[in-house]
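**Student:** Please read through the structure below; I'll follow up with questions.
The values are calculated or read from the model by the stated rules, or taken from the named source; none is laboratory data. Quick caveat, the model's predicted, so the values are computed rather than measured. When we count neighbours, we look across all protein chains shown, and the Cβ atoms used for this are built from the backbone with ideal geometry, even at glycine. To get the accessible areas, we keep the full protein, side chains included, count just its heavy atoms, and leave off ligands, DNA and RNA. Shrake-Rupley method; radii C 1.70, N 1.55, O 1.52, S 1.80 Å.
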Amino acid sequence: MSYIIGKACIGEKDGACIDACPVDCIHEGEESLYIDPETCIDCGACVPECPVAAIFEDEEEAIAAGELEAVENNYKFFKLKYLP
Ligand code: SF4
């Protein structure tokens, strides 16, 4: 389980979340920022830093909000596969 950055980050990539993350697990991709699901400690520190409220508490919350693609892209970025 991991926090997930949704599509609101696309084209935004503010980066404040990167500075807030205590374990440096937020990485920059071409379109969006992504959270390494194997390193995220679910602390929530990144959430209030995002100016576009793009960060979801976990995969289930993201998918319920119509963000399955963001979940899949996030896992793909780290060469992982999302298995519910
Ligand atoms: Fe980093 Fe904590 Fe956000 Fe996970 S929840 S990405 S560990 S700041």
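**Student:** Cysteines of the chain lacking any other cysteine beta carbon under 4.7 Å?
**Tutor:** Flagged as lacking a Cys partner: 9, 21, 25, 40, 43, 50.
**Student:** Something else about it: Among 79, 7, 13, what's the order by accessible area (1.4 angstrom probe), most exposed first? Write out the running numbers ahead of the final one.
**Tutor:** Working: 79 180, 7 120, 13 60 Å².
Listed by decreasing accessible area, they come as 79, 7, 13.
**Student:** Take every Cα-Cα pair in the chain and report what % of them are more than 18 Å apart. The partial results should precede the final answer.
**Tutor:** Details: 1051 of 3486 pairs.
For the chain, the share of Cα pairs beyond 18 Å comes to 30 percent.
**Student:** What percent does the relative contact order of the chain come to when contacts are Cα pairs within less than 8 Å and at least six residues apart?
**Tutor:** That works out to 38 percent.
**Student:** Another one. For segment 30-59 and segment 4-20, what is the separation of their Cα centres, given in Å?
**Tutor:** 7 Å
**Student:** Leaving out same-chain residues fewer than 8 places away, which aspartates and glutamates sit with a Cα under 19 Å from that of residue 13?
**Tutor:** 24, 28, 30, 31, 36, 49, 57, 67, 69, 72
**Student:** Here is a follow-up. Binning at 5 Å from 0, report for segment 36-84 what percent of all alpha-carbon pair distances ends up in each bin.
**Tutor:** 5, 20, 27, 30, 16, 2
**Student:** Using only DSSP helix segments of four residues or longer, with each worth -39500 (n - 2.57), what per-residue ellipticity at 222 nm results for the chain after dividing by its residue count and rounding to 500?
**Tutor:** Calculated from helices alone, the mean residue ellipticity at 222 nm is -6000 deg cm²/dmol.
**Student:** Heavy atoms of the protein only, probe of 1.4 Å, neighbouring chains included. What is the accessible area of residue 47 in Å², nearest 10?
**Tutor:** 60 Å²
**Student:** Could you tally the net charge around residue 69, taking each other residue with its Cβ under 13 Å from the Cβ of residue 69, Lys/Arg +1 and Asp/Glu -1? Please report the intermediate quantities before stating the final value.
**Tutor:** Numbers: positive: 7, 76; negative: 31, 59, 67, 72.
Net local charge, residue 69 excluded: -2.
**Student:** Next question, about the same structure. Rank 37, 17, 51 by how far each Cα sits towards the positive end of the charge dipole of the chain (+1 on Lys, Arg Cβ; -1 on Asp, Glu Cβ) and give me just the farthest.
**Tutor:** Of the options given, the answer is 37.
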